[in-house]
Each structure stands twice: as C-alpha cells, then as structure tokens.
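**Student:** Below is one structure. I have some questions about it.
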Amino acid sequence: AKSEDMGWGITLGECARIWKGGCIIRAVFLDRIKQAYDRDANLQSLLVDPEFAKELADKNAAWRRVVALCATEGVPATAMFASLAYFDANRRARLPANLVQAQRDYFGSHSYERTDREGWFHTVW
C-alpha cells in the first residue's frame, strides 16, 4: 500500500525473490510467496491467496493444539501465539473493538459507531 501511495513500484513477489538470495530461510517458502504474488500482483495479504488460505485451513486445528499446549505447559511461543491471534483477527467481520470505542468515549467523549444504527453516538457515562 505504501509503495503504491509513494509511487515506488515495489512488487512484493520480487522482494521475496531477491530476499531469497541472502536469507537463511531461502528455501521453498519464499518461492511460494513469490508465486502467490505472481498469481495476483494486487494481493492484499497472503492469508487470502487460495493456496495459503487452504493450507492455513488444513493446519488450523493442529496450530491451535500446539499453541494451547505451549500455553498450558508455560512454553513462551510468543510469535506463534501472536500469529494465531493475527489470523483470527483477519478472518472475523466483527471484533471486540467496541470495548475500545466505549473506553475512548468514556474517557474522552470520542463517540462510537453502532452496528444496529447508522451514525456516531456518545453516551453520558
């Protein structure tokens, strides 16, 4: 998005190809990233690429089991936890942002949007 805004002409698939040359993870994964952007140069996220989306769906249950086991055993797998939270956040139409909006309205009268009516609202808390 920033490349487009600034007119830099950066293609993410080409970035993956270049990065592969000097990267410790040069393996097949970077080729798969490049292939995803070759299929769709305007791809907003690898999460919506059909091949990546299918693999994430296929591995979803196992990923959750590993994260849960790490949490119950006290193993700090922070990148895995955060990645799962990011994945969950990106596949939900509505999230608990309403709590943040309510807090902002309470502390700073910033107002909030509702899902059942158009417009912005403020509550005298």
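**Student:** If each DSSP helix of 4+ residues adds -39,500 (n - 2.57) and the sum is divided by the residues in the chain, what number results at 222 nm, nearest 500 deg cm²/dmol?
**Tutor:** Calculated mean residue ellipticity at 222 nm is -19000 deg cm²/dmol.
**Student:** Ok, one more. Run the numbers on the chain and let me know its relative contact order in percent, using alpha-carbon pairs under 8 Å that are six or more apart.
**Tutor:** Relative contact order for the chain comes out at 11 percent.
**Student:** Would you work out what percent of the accessible area of the chain, with all protein chains in place, is carbon or sulfur (probe 1.4 Å)?
**Tutor:** Roughly 59 percent of what the probe reaches on the chain is carbon or sulfur.
**Student:** Also, I was wondering about something else. Over segment 2-94, what lengths in whole Å, largest first, do the semi-axes of the equivalent ellipsoid take, defined as the square roots of 5 times the eigenvalues of the alpha-carbon gyration tensor?
**Tutor:** Equivalent-ellipsoid dimensions as semi-axes: 28, 17, 13 Å.
**Student:** When the chain is treated as a GNM, springs tying every alpha-carbon pair under 10 Å, which of Leu99, Leu47, Leu12 comes out with the largest mean-square fluctuation?
**Tutor:** Its mean-square fluctuation being the largest, the pick is Leu99.
The values are calculated or read from the model by the stated rules, or taken from the named source; none is laboratory data. Keep in mind the model is a prediction, meaning the values are calculated, not measured. Accessible surface areas use protein heavy atoms only, side chains included; no ligands, DNA or RNA. Shrake-Rupley method; radii C 1.70, N 1.55, O 1.52, S 1.80 Å.
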